[in-house]
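Everything below concerns the one structure shown next.
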Amino acid sequence: MTKIFFLGILVSIYFLSAMSSCQSGEDIKTAQYAVNGQKIYINHCKNCHGEKGEGLGLLYPPLTDVDFLTKNRERLSCIIRNGLNEEITVAGKTFHTIMPANETLTDIDIAYVLTYITTNFGKQDKIFSLEEVQQDLINCK
Amino acid sequence: MVNLFHIRASLFLALAALGISSCQSNTATLPIYGQREPVEKIVDGKTITDTLYHTIPAFKFLNQDSIYITDKNYDNKVYIANFFFTHCPSICPTMNRNLLKVYEQYKDSDQVYFLSHSIDFKYDQPHVLKEYAHKLGVSNDHWNFVTGSKADIYGIANQYLVYTAEDKNAPGGYDHQGYLVLIDKQKRIRGAYDGTNDEQVAKLQKELAILLEEK
């Protein structure tokens, strides 16, 4: 009897928390990707791009330009994997500092960190799925 | 009655504690780092023992404007020194991001100067340093970015008590510590702060203000 009562409480807590957070399964997955991505961001990106994705002067571009992130969405995976050595315009400023390749990051790592960057700094809500990242990586120049 | 005594006693203790703590903050001075030697001097016919502190020796390096910068440029000036290289992928961006905060605070003051040494003596020529300084946001000559021979730069790093080395296994090819070293008007080391740690950088800002009060 006590067991059933206890189970009942657990089940109602689960439903209550699910109701109160109002999150769909997809939203929860996006949040999980972003949490994992934050750890990768701190280890691999923060030094140059800053804790809040603010960049540094004209040396390192900010990661907060929604327009850039949206227009270049399909290139972002390749930039992280292979680095970048070309002139780019971000947030109205021109940058040309060599970004090193991140060969140690796996496909899923890239999905995590891009979800973190685009949902936190880019104010978007769409997840970077593993499938999307793998598809984009096939098309790297 | 007992209660009143307790209140008085605790009030007295509190005031005494306040007095002690305020005394300490009024007379706070920064330590002097490095080797020291006793020297004997003759003053007014009497032999006295004085302390000879470690100081940054004479140096001569080329800055981002291809002008030679020497120790004379820093005579009677407080400055902050560090070691970096322009394409360093590891600690340098964070270290210089933090040093930039201190620079922005003092750039218009003639009390505090900045001296960044490149440990990449092969690649970081003056024009590379010039571009780096501009892109970082350095707008006047209070912050010098200098280059020199490997022996001179690595030699002076030892004098600042900062470890630097060429290392193929380190990110970017060079291994070094990210200290921001605080130097006083007599070229003595008065503090070293981890430039990648926000708390340490806040401590630098606090202690720099204390050092500037020193006569």
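The values are calculated or read from the model by the stated rules, or taken from the named source; none is laboratory data. In this text the structure is predicted, and so the values were computed from the model without any measurement. So basically every Cβ, Gly included, is an ideal-geometry build from the backbone, and we count neighbours across all protein chains shown.
Considering only strands (runs of 3 or more DSSP E) fully contained in the stretch B:1-119, which possess at least 2 residues that are over 23 Å from the mean Cα position of the chain (by Cα) and either modelled with pLDDT of 90 or more or more than 30 Å from A:Leu59 (Cα to Cα) (or both)? Fully inside the stretch B:1-119 and qualifying: B:36-43, B:46-53.
Would you point out which residue out of B:Thr196, B:Thr147 is surrounded by 14 or more Cβ atoms within 10 Å (Cβ to Cβ), within 14 Å of chain A (Cβ to nearest Cβ) and of a type in the set (Ser, Thr, Tyr)? Steps first, please.
Values: B:Thr147 fails: within 14 Å of chain A (Cβ to nearest Cβ).
None of the other options fit; the residue is B:Thr196.
The single condition from (1) outside any loop (DSSP other than H, G, I, E, B); (2) without any contact (Cβ under 8 Å) to a residue 60 or more places away in the chain that B:Lys122 fails is (1).
The single condition from (1) away from chain A (no Cβ under 14 Å); (2) under 18 Å from the mean Cα position of the chain (by Cα) that B:Lys122 fails is (2).
Let me confirm something: among B:Lys135, B:Lys215, which residue is basic (Lys, Arg) and within 18 Å of B:Ile91 (Cα to Cα)?
Values: B:Lys215 fails: within 18 Å of B:Ile91 (Cα to Cα).
Within the list B:Lys135, B:Lys215, the selection yields B:Lys135.
Taking first residues from the stretch B:76-103 that are within 12 Å of another protein chain (Cβ to nearest Cβ) and closer than 17 Å to B:Asn140 by Cα and partners that are surrounded by 24 or more Cβ atoms within 10 Å (Cβ to Cβ) and of a type in the set (S, T, N, Q), the Cβ contacts under 9 Å between residues at least 6 apart in sequence or on separate chains come to B:Asn96/B:Asn82; B:Asn96/B:Ser116; B:Leu99/B:Asn82; B:Leu99/B:Ser116. Kindly indicate whether B:Ile210 is crowded, with 19+ Cβ neighbours inside 10 Å and of a type outside the set (S, T, N, Q). Answer is no for this residue. Scanning the stretch B:108-119 for residues that are of a type in the set (D, E, K, R) and within 14 Å of chain A (Cβ to nearest Cβ) yields no hits at all. In this structure, A:Ile127 qualifies as touching a Lys or Arg at 6+ places or on another chain (Cβ under 8 Å), not charged (D, E, K, R) and not in a helix (DSSP H, G or I). With respect to the conditions (1) surrounded by fewer than 20 Cβ atoms within 10 Å (Cβ to Cβ); (2) in contact with a Lys or Arg (Cβ under 7 Å, 6 or more places away or on another chain), A:Lys46 lacks only one, and its number is (2).
Could you grab me the full set of residues in the stretch A:101-126 that are within 21 Å of A:Asp65 (Cβ to Cβ) and either touching a strand residue (DSSP E or B) at 6+ places or on another chain (Cβ under 7 Å) or surrounded by fewer than 17 Cβ atoms within 10 Å (Cβ to Cβ) (or both)? Residues satisfying the conditions are A:Lys123, A:Asp125, A:Lys126.
Test A:Val90 against the criterion of being at pLDDT 95 or above, over 23 Å from B:Ile91 (Cβ atoms) and surrounded by fewer than 14 Cβ atoms within 10 Å (Cβ to Cβ), and give yes or no. Taking the combined requirement at face value, the residue does not satisfy it.
Each row is one residue, and each column tells you yes or no for (1) over 17 Å from B:His87 (Cα atoms); (2) under 13 Å from the mean Cα position of the chain (by Cα); (3) more than 12 Å from chain B (Cβ to nearest Cβ); (4) not basic (Lys, Arg).
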| residue | (1), (2), (3), (4) |
| --- | --- |
| A:Tyr33 | yes, yes, yes, yes |
| A:Glu51 | yes, no, no, yes |
| A:Glu54 | yes, no, no, yes |
| A:Lys93 | yes, no, no, no |
| A:Thr104 | yes, no, no, yes |
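Scanning the stretch B:133-144 for residues that are more than 14 Å from chain A (Cβ to nearest Cβ) and not polar (S, T, N, Q) yields B:Asp141, B:His142. Within the stretch A:68-83, the set of residues being surrounded by 14 or more Cβ atoms within 10 Å (Cβ to Cβ) and within 17 Å of A:Thr118 (Cβ to Cβ) comprises A:Phe68, A:Leu69, A:Asn72, A:Arg73, A:Arg75, A:Leu76, A:Ser77, A:Cys78, A:Ile79, A:Ile80, A:Arg81.
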